[in-house]
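To start, the structure under review is shown below, and the notes come after it.
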Amino acid sequence: MTKTLLRNGRIINNGEDYVGDILIVNGKIDCISNSPLTESLDTTIDCEGCIISPGLIDIHVHFREPSSGKHEETIETGILAAANGGYTTVCTMPNTTPAIDTPELVKSAINQADQFGKCCVLPTACATIGRKGETVTHIQELVSSGAIAITDDGDVVENDAMMSAVLAQCATSNVPFMQHCQNPKTTVGGVMNEGEVQRELGYGPWPRSAEESIISRDIRLNESIGAKWHAQHLSSGGSVDLIRQAQADGQPISGEASPHHLLLTDEACRDMGTMAKMNPPLRQEHDISLIKEGIEDGTITILATDHAPHPMSTKEKPFSEASFGIVGLDCALALYIKALIEDNVLDWPAMLAMMTCNPAALINRPNLGSLKVGGFADITIIDPNLSWTIDVDAFDSTAHNCPFDGWNVKGKAIATIYNGVFSHQVLCDRVHRCN
Ligand SMILES: [Zn+2]
């Protein structure tokens, strides 16, 4: 029997916030107490000044396996990046090669992730075969084999009738649909936010309406269906109000933010070049304010990363040809602290709910995202006062496409515990072993 005590930490769990101890026995949470526990122990971790949170959940990552060519990331390196960033559960997107559109591919992704341990990997599966938007996949079978959500991420499901059919099957299978909100008719040649900076740089425009029109359409299509519908990586301020209205009308609609859309604007395309090329594109201060308002008032309930590894060779290209996206798992926590806590948008319990119990609820996994006696010990220990500098060379992700390289940030996961075992730790002198 192995016993580990997390001693004297600030336990933030599902809205509760108090100082206490957590005892882990054989991988499970044996006791949570707001008074000191005195057991005979193998290991004690001094958590004074630190936050003890349920393990972080990221519902939007790209691990690029299976892949036909050179891997920008593998499931294994993606898992290491997740553990390094404090995550114990991630949902992988199905835009791999081949795309995850059969039960066999779903099962294979789960088996592959299980080999490494260190993080729970829950794959999503395609809405349409090959993500081509032509034929709906067998959603019930994909869900039965372990798909946690349905999405063609990277592409929108464009056809209205197809979208309705997908939503109907998602509703029947009780699984969320995650939409990549991009009307392709309005983004032909588009590579950055439509506006002054874009006209000055001479790149193709990507209007806000590309995102907003899909949200409006899906809300309309879903009115009579009532599927759990989720907007990925929100970029436009106008999107927030559409979601707010649909929620007020009683629709089960949700949305996620990503760190880059809260910390950078289209000005970054001028200063950072292709490192600021995102899909959807970086917008403007006004959009950031509206997204933060949506986070503050509970319209947006989930913080994701859209961890998108690419080889540097695909970023070191002219802006219009470079790949979209950046990696996020290794540094997202600190970036959200900067965007939301340091800017007084949220307090710690509210922010951590958006990275733990809220995403768990969306993907119908109430056993994840909170600390429960008898439950698996998936725990993140955060030092909120640790100042550090983001360094892509220290990332566990194999990809280095990150515009935040060199940023000074505060707050870090100093330990990640998955199933009772440390998957990452930089605890220094906080560990005391008794034997
Ligand atoms: Zn996407």
Result of the Cβ filter at 7 Å on the range 394-413, keeping first residues that are at positive phi and partners that are in a helix (DSSP H, G or I), at least 6 apart or interchain, is Gly411/Leu333; Gly411/Ala334; Gly411/Ile337
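So that you can scan it fast, the table gives a plain yes or no per residue for (1) of a type in the set (A, V, I, L, M); (2) within 25 Å of Asn174 (Cβ to Cβ); (3) in contact (Cβ under 8 Å) with a residue 40 or more places away in the chain:
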position: Ile79; (1), (2), (3): yes, no, yes
position: Ala83; (1), (2), (3): yes, no, yes
position: Ile110; (1), (2), (3): yes, yes, no
position: Gly146; (1), (2), (3): no, yes, yes
Residues in the range 385-412 that are closer than 22 Å to Thr356 by Cβ and either outside the structural domain of Cys47 (by TED's automatic domain parsing) or loosely packed, with under 15 Cβ neighbours inside 10 Å (or both) total 1
Listed by range, strands (runs of 3 or more DSSP E) wholly within the range 18-61 having at least 3 residues that are surrounded by fewer than 16 Cβ atoms within 10 Å (Cβ to Cβ) are 28-33
Filtering the range 8-17 down to residues that are farther than 14 Å from Lys372 by Cβ and buried (at least 20 other Cβ atoms within 10 Å of the Cβ) yields Gly9, Ile12
(1) free of Cβ contacts under 8 Å to residues at least 60 places away in the same chain; (2) touching a Pro at 6+ places or on another chain (Cβ under 8 Å) all hold for Cys91 apart from (1)
Considering the range 144-158, residues that are crowded, with 19+ Cβ neighbours inside 10 Å and not small (Gly, Ala, Ser), and then whichever is nearest to Thr305 (Cα to Cα), we arrive at Asp153
If you check Asp330 against the conditions, is it of a type in the set (Asp, Glu), closer than 18 Å to Asp378 by Cα and either outside the structural domain of Trp388 (by TED's automatic domain parsing) or under 18 Å from the mean Cα position of the chain (by Cα) (or both)?
-> yes
Q. Do we find that Ser239 is in the same structural domain as Lys338 (by TED's automatic domain parsing), surrounded by fewer than 24 Cβ atoms within 10 Å (Cβ to Cβ), within 16 Å of the ligand (Cβ to nearest atom) and under 22 Å from Cys170 (Cβ atoms) in this structure?
A. no
Requested in this report: With the condition kept exactly as written, say whether any residue in the range 72-90 is surrounded by fewer than 21 Cβ atoms within 10 Å (Cβ to Cβ) and of a type in the set (Ser, Thr, Tyr).
Outcome: yes
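Here is a yes/no grid of residues against (1) within 16 Å of the ligand (Cβ to nearest atom); (2) aliphatic (A, V, I, L, M):
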{"residue": "Pro259", "(1), (2)": "yes, no"}
{"residue": "Thr274", "(1), (2)": "no, no"}
{"residue": "Ile302", "(1), (2)": "yes, yes"}
{"residue": "Gly328", "(1), (2)": "yes, no"}
Note on Asp343: of the conditions (1) in contact (Cβ under 8 Å) with a residue 12 or more places away in the chain; (2) closer than 30 Å to Gln179 by Cβ; (3) under 19 Å from the mean Cα position of the chain (by Cα), unmet is (3)
Exactly one of Gly20, Gly49, Gly78, Gly9 is modelled with pLDDT of 95 or more and in contact with a Cys (Cβ under 8 Å, 6 or more places away or on another chain), and that residue is Gly9
Those residues of the range 209-236 which are more than 16 Å from the ligand (Cβ to nearest atom) and within 20 Å of Leu262 (Cα to Cα) amount to Ser209
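The values are calculated or read from the model by the stated rules, or taken from the named source; none is laboratory data. These numbers come from a predicted model, not from an experiment. A quick note on method: Cβ atoms are made from the backbone with ideal geometry, for glycine too, and the neighbour counts reach across all protein chains shown.
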